[in-house]
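Undergrad: What follows is a structure written as structure tokens; I'll ask about it next.
The values are calculated or read from the model by the stated rules, or taken from the named source; none is laboratory data. Note that this is a predicted model, so its numbers are computed, not measured. Every residue, glycine among them, receives a Cβ derived from its backbone with ideal geometry; neighbour counts consider all protein chains shown.
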Amino acid sequence: MSRLVRYLSHPQVQIDPEIPIQNWSLSKLGQSRVAALAKSGALAGTTKVISSAETKALETARPLAVALGCEVEVRARMHENDRSATGFLPPAEFEEVADAFFANPEQSVRGWETAAAAQTRIVAEVEQCQAEHAAGDLLFVGHGAVGTLLYCHLSGLAISRAYDQGPGGGGCYFEYDAEQRVPHACWRPLEQLITG
């Protein structure tokens with residue numbers, strides 16, 4: 001019987017330039033989207049939830065794990081691409097730097113972790129977790145940029161922002177068969193999980 005692996009990015013956050021990005025919490029909208037997914041039963045069959053240690057990811061993972069009756073395993077190396085060199089950037093400036101991050105994967109843009117290094121890190125974490133998880137579907141809860149880098153790797157695609165989850169604040173997923181390891185489709189809003 002095939003097992004599904006899903007990668008879910010956290011949904012909308014409460015942006016606060018005074019708080020380190022990794023400590024941002026979900027916004028009310030983000031919380032309501034997670035609650036709807038938890039209540040829907042769409043993740044039935046999932047036996048383990050693995051999350052980044054960032055607050056917004058944990059606030060996504062924990063309600064889902066509670067609804068599923070399973071544990072959350074926290075993996076610190078599943079964090080978003082390291083942007084600590086710049087910290088918070090105004091939205092327009094952030095988009096410019098993010099474009100450069102994806103366009104030049106071997107180069108550090110303004111001190112950020114390179115896309116190539118972030119891809120190597122997230123792929124290694126996911127592969128290790130899959131190797132340790134023998135039964136049932138698996139849910140990873142993380143972030144948009146490293147999720148896109150994982151998607152590119154699994155799909156055999158060069159790193160490109162063309163495969164990013166797009167505007168809207170996150171809360172998207174992709175899934176693949178645990179054995180074949182090729183995504184069925186690119187990012188889709190989590191609501192498509194609920195509606196089928």
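Undergrad: What are the residues in region 59-86 that are surrounded by 13 or more Cβ atoms within 10 Å (Cβ to Cβ), within 23 Å of Gln119 (Cβ to Cβ), within 18 Å of the chain's Cα centre (by Cα) and free of Cβ contacts under 8 Å to residues at least 40 places away in the same chain, if any?
TA: Answer for region 59-86, where residues must be surrounded by 13 or more Cβ atoms within 10 Å (Cβ to Cβ), within 23 Å of Gln119 (Cβ to Cβ), within 18 Å of the chain's Cα centre (by Cα) and free of Cβ contacts under 8 Å to residues at least 40 places away in the same chain: Val74, Asp82.
Undergrad: May I pose another question? Kindly provide the set of residues from region 9-57 that are among the charged types (D, E, K, R) and over 16 Å from the mean Cα position of the chain (by Cα), ordered by number.
TA: Asp16, Glu18, Lys28, Lys39
Undergrad: So for region 15-34 (the condition being surrounded by fewer than 19 Cβ atoms within 10 Å (Cβ to Cβ) and in a strand (DSSP E or B)), does at least one residue qualify?
TA: no
Undergrad: Looking at Asp164, Asp99, can you tell me which residue is of a type in the set (Asp, Glu), touching a residue at least 60 places away in the same chain (Cβ under 8 Å), touching a helix residue (DSSP H, G or I) at 6+ places or on another chain (Cβ under 9 Å) and closer than 22 Å to Ala185 by Cβ?
TA: None of the other options fit; the residue is Asp164.
Undergrad: Next question. Is it the case, given these coordinates, that Ala61 is among the hydrophobic types (A, V, I, L, M, F, W, C), assigned to a helix (DSSP H, G or I) and closer than 19 Å to Pro189 by Cα?
TA: yes
Undergrad: Taking the conditions exactly as written (modelled with pLDDT of 95 or more and either farther than 20 Å from Asp137 by Cβ or in a strand (DSSP E or B) (or both)), does Leu8 satisfy them or not?
TA: Taking the combined requirement at face value, the residue satisfies it.
Undergrad: Looking only at region 158-196, which residues are over 16 Å from the mean Cα position of the chain (by Cα) and of a type in the set (Asp, Glu)?
TA: Asp177, Glu179
Undergrad: Could you pull out the residue among Leu37, Leu89, Leu43 that is part of a helix (DSSP H, G or I), surrounded by 13 or more Cβ atoms within 10 Å (Cβ to Cβ) and not β-branched (Val, Ile, Thr)?
TA: Leu37 is the lone residue from the list that is part of a helix (DSSP H, G or I), surrounded by 13 or more Cβ atoms within 10 Å (Cβ to Cβ) and not β-branched (Val, Ile, Thr).
Undergrad: Something else about it: Please verify whether Gly170 is crowded, with 20+ Cβ neighbours inside 10 Å and either in a loop (DSSP other than H, G, I, E, B) or without any contact (Cβ under 8 Å) to a residue 12 or more places away in the chain (or both), treating the condition exactly as stated.
TA: yes
Undergrad: Can you go through Arg121, Arg181, Arg110 and tell me which one is within 29 Å of Ala35 (Cα to Cα) and among the basic types (Lys, Arg)?
TA: When all the criteria are applied, what remains is Arg181.
Undergrad: Given the conditions (1) more than 18 Å from Ser9 (Cα to Cα); (2) assigned to a helix (DSSP H, G or I), which single one is not true for Cys129?
TA: (1)
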